[in-house]
Amino acid sequence: MKSVIICEGATDLVLVQYFMEKANGWEYDSYARDLFGFIFSKTFKKNANELLIGEVGGCGNIINCLRKLLDRNLFSASADEAYGNIVIICDRDEADTVEDFETKIVDCLKDFTNENPPRVDNDAWNHCSIENERGETIFFRVLLLVIPFENTGALETFLLDAISANDSYDGQIIATGNSFVETVDREERYLTHRRHKTKAKFDVYFSIRTPYEQYSQRQDILRGIDWENYEFIQDNFKKLKELG
């Protein structure tokens, strides 16, 4: 079966990638650009299953990407070519309200699916079907995860906490960086959302830990995290086990 995870940004893509590899056994296969509206995307394999994870450059671009994926299902020659699982991972701060975002997704699905009206609930598999150009019914599921990234709920925060617990020196760097981010933009001209601060703390640490952006060194750091434990913090991610 083919599945796809839509992420907002590049950091989300990378961290979701390592979670899916370490916690769920997916293996990296290839990368692509300009596919279904993704700025960048990666493909993974697990047995006979395929997983595509891509970033769209912000919450406002998710619906356009979803529309292109549904269009792919519409013109698929068979169920094997269609995406059987479509997952949308979005930050609550960027999605206005959950209800508004659900409505936008429903409006998009109405243009393609057999359900009238289709239903989309956050943190639940929503079953849909589409009739392709050959008159065959293609069944698929949509999972919307609008995640409350408060405190330790964010992937970035989980990662920094894990590094801090493993190395006291790095922990002190992270604590100092976090304090800096919390106080540096006093008028909130630039870090206007809680999520912005979360990402800034992540970037500050890695700009110090790997100042020359050594890809292999960052890879080693990310692979060394016990991503399996993230499910104890973010229960929503348990549903991603069902992909493949």
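Coordinate-derived values only; no laboratory data. From a predicted model like this one, the values you see are computed outputs, not experimental measurements. Because the Cβ atoms are built from the backbone with ideal geometry, glycine has one as well, and the counts that use them run over all protein chains shown.
With R₀ set to 45 Å, the beta-carbon distance separating GLN172 from ASP71 gives a calculated FRET efficiency near 0.35. Proximity of backbone amide H atoms, modeled 1.01 Å from N, is registered between VAL146 and CYS90, ASP123 at under 5 Å, excluding neighbours fewer than 5 places apart on the same chain.
When both the stretch 27-83 and the stretch 140-218 are represented by their alpha-carbon centers, they are found 27 Å apart.
Given DSSP loops and a limit of at most 14 other Cβ atoms within 10 Å, what is the longest stretch of the chain that contains no such GluC sites (Glu not before Pro)? The answer is 1-80. Proximity of backbone amide H atoms, modeled 1.01 Å from N, is registered between GLN234 and no other residue at under 5 Å, excluding neighbours fewer than 5 places apart on the same chain. Is the stretch 16-61 rounded, prolate or oblate when judged by the Cα gyration tensor, a ≥ b ≥ c being the square roots of its eigenvalues, rounded requiring a/c under 1.5 and prolate requiring a/b larger than b/c? Prolate. A straight Cα-to-Cα reach below 28 Å connects LYS45 with the lysines LYS2, LYS22, LYS68, LYS238, LYS239, LYS241, residues fewer than 8 places away in its own chain not being considered. Structural descriptor for the stretch 151-209: relative contact order 36 percent, calculated from alpha carbon pairs under 8 angstrom and at least 6 residues apart.
With contacts taken as Cα pairs under 8 Å and at least 6 residues apart, the chain reaches a relative contact order of 20 percent.
Comparing PHE101, PHE75, PHE202 in a Gaussian network model of the chain, where Cα atoms under 10 Å apart are tied by springs, the biggest mean-square fluctuation is seen for PHE75.
Counting only DSSP beta bridges whose two residues both lie in the chain, roughly 50 percent are antiparallel. Net charge in the neighbourhood of LEU13 (other residues with Cβ under 11 Å of its Cβ; Lys, Arg +1, Asp, Glu -1) is -2. Each principal axis of the Cα cloud of the chain was evaluated for its coordinate range; sorted largest first, these ranges are 61, 41, 32 Å. Applying 1/(1 + (r/R0)^6) with r as the Cβ-Cβ distance of THR210 and LYS45 and R0 = 30 angstrom yields a FRET efficiency of 0.60. For the stretch 2-147, the square roots a ≥ b ≥ c of the C-alpha gyration tensor eigenvalues yield an a/c of 1.5 or more together with a/b not exceeding b/c, which makes the shape oblate. Helical runs assigned H by DSSP (4 residues or longer) give the chain a calculated mean residue ellipticity at 222 nm of -12500 deg cm²/dmol, each run adding -39500 (n - 2.57) before division by the residue total.
May I ask you to compute the full-extension gain from PHE232 to PHE139, defined as 0.36 nm times their residue separation minus their alpha-carbon distance, rounded to one decimal in nm? Full extension of this stretch gives 30.4 nm more.
How many percent of Cα pairs in the stretch 151-209 exceed 19 Å? Looking at the stretch 151-209, the distances longer than 19 Å represent 24 percent of pairs.
Comparing VAL181, VAL142, VAL16 in a Gaussian network model of the chain where C-alpha atoms under 10 Å apart are linked, the largest mean-square fluctuation is found at VAL181. Across the stretch 2-147, the relative contact order, built from alpha-carbon pairs under 8 Å that are at least six residues apart, equals 24 percent. Distances between placed amide hydrogens fall under 5 Å for TRP26 paired with GLU21, all partners being 5 or more residues away or on another chain.
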